[in-house]
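Below: one structure, written as structure tokens.
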Amino acid sequence: MTTNTDLDEIDRIHDDEPERAAAGLRELDPAELPAGRLPLLAFLYIHVLGEKLGQWNEAADRLEQLRSGRADAPLAVTAHAATAAHLAGHAANPALASLAATGGAASAQTVVQLNALALRPPVACTALAAELERLAVASQALDAAGPLNQRLAIAFNNTTSQLLDATAAPVDAQQAAALLAGSAAALRFWRTAGTWVNLERALYLRALVHNRIGDPAAARDDCVQALELIGDNGGEEIDRTFLQLQLAGALLRLGDDEGRRHLAEARASAAGWHDTALKSWFAGEDDRLFGAVEKQQ
């Protein structure tokens, strides 16, 4: 096997077998990987060694070695290294200094703080919400077209999703404000940092937020914009199905029976999938939107 295939195997098993994945990471030689594969390796270091196993010092050390040892390491490696050093409590954080030199101290600090929130969130949702809202509001002063805009887009997307996963309806005012601010920030940075697919998915995240906090009109508008992007560019049928589900939820809550068509089409499309995890994800979102209503019928 090659180092590339070893990395693919580690990626495949890391959620179900983190200890085995960690052993594979310790044996893998980063020098044998092309630069384009280093972001995945960096992600696995921080996700497996740090987030899953709590070995933050090891994650930080390996990431710093990777960053400093490869002149061709992409910016994602530097961001992961800075975040791991922060979570390990290291006083010296050369990766953060490098990130700041690239995109400014404020942007670099925001990236690291957001990543840390997603990787090791506070026990209380209220604390996560308060910090996410604070960072989102402060980010309005950052250049949406700056050198770290993609890292900021990813970080706001992931941290907002983290809070959304931990939030159930009815959503309190503080969490609703944080979800709105976080999804708006993700969308703002993706507009300049990403492709049309990134933009479409940012609109999907905001639609999820709007449906969860009880604003179906705004959710409808987000879904329509995202579906128009798919219509203009083609493809992304899985994304279309999830968007139709959210659109159905929004329309039916607005008393628009057109939602029934979208719901039927989304369910029919998902029924044809062969990926078990994808079908389970769809079923969970379907149940969140319609389960309580249909159980009463």
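Rule-based calculations on the coordinates, nothing more; no lab input. Only a predicted model underlies this, so the values are computations on that prediction, with no experimental measurement involved. Note that each Cβ is placed from the backbone with ideal geometry, even for glycine, and that neighbours are counted across all protein chains shown.
Can you name every residue in segment 84-130 that is in a loop (DSSP other than H, G, I, E, B), over 20 Å from the mean Cα position of the chain (by Cα) and within 22 Å of Glu58 (Cα to Cα)?
Gly89, His90, Ala91, Ala92, Asn93
Could we say that Arg220 is surrounded by 15 or more Cβ atoms within 10 Å (Cβ to Cβ) and in contact with a helix residue (DSSP H, G or I) (Cβ under 7 Å, 6 or more places away or on another chain) here?
For Arg220, the condition - surrounded by 15 or more Cβ atoms within 10 Å (Cβ to Cβ) and in contact with a helix residue (DSSP H, G or I) (Cβ under 7 Å, 6 or more places away or on another chain) - is met.
Test of understanding: among Gly255, Gly194, which residue is of a type outside the set (A, V, I, L, M, F, W, C) and more than 28 Å from Asp143 (Cα to Cα)? Explain how you work it out, then say what you get.
Details: Gly194 fails: more than 28 Å from Asp143 (Cα to Cα).
Answer to the selection: Gly255.
If you scan segment 220-236, which residues turn out to be under 21 Å from the mean Cα position of the chain (by Cα), more than 15 Å from Leu263 (Cα to Cα) and in a helix (DSSP H, G or I)?
Within segment 220-236, Asp222, Gln225, Ala226, Leu229, Ile230 meet the criteria.
Let's see how each residue does on (1) of a type in the set (Gly, Ala, Ser); (2) touching a helix residue (DSSP H, G or I) at 6+ places or on another chain (Cβ under 7 Å); (3) crowded, with 17+ Cβ neighbours inside 10 Å:
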position	(1), (2), (3)
Leu203	no, yes, yes
Arg212	no, yes, yes
Leu247	no, yes, yes
Ser269	yes, yes, yes
Asp275	no, no, no
Trp281	no, no, no
Glu285	no, yes, yes
Leu289	no, yes, yes
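Can you name the residue in segment 121-140 that is in contact with a helix residue (DSSP H, G or I) (Cβ under 6 Å, 6 or more places away or on another chain) and within 20 Å of Gly54 (Cβ to Cβ) and, of all such residues, is surrounded by the most Cβ atoms within 10 Å (Cβ to Cβ)?
By that ranking, first place goes to Leu128.
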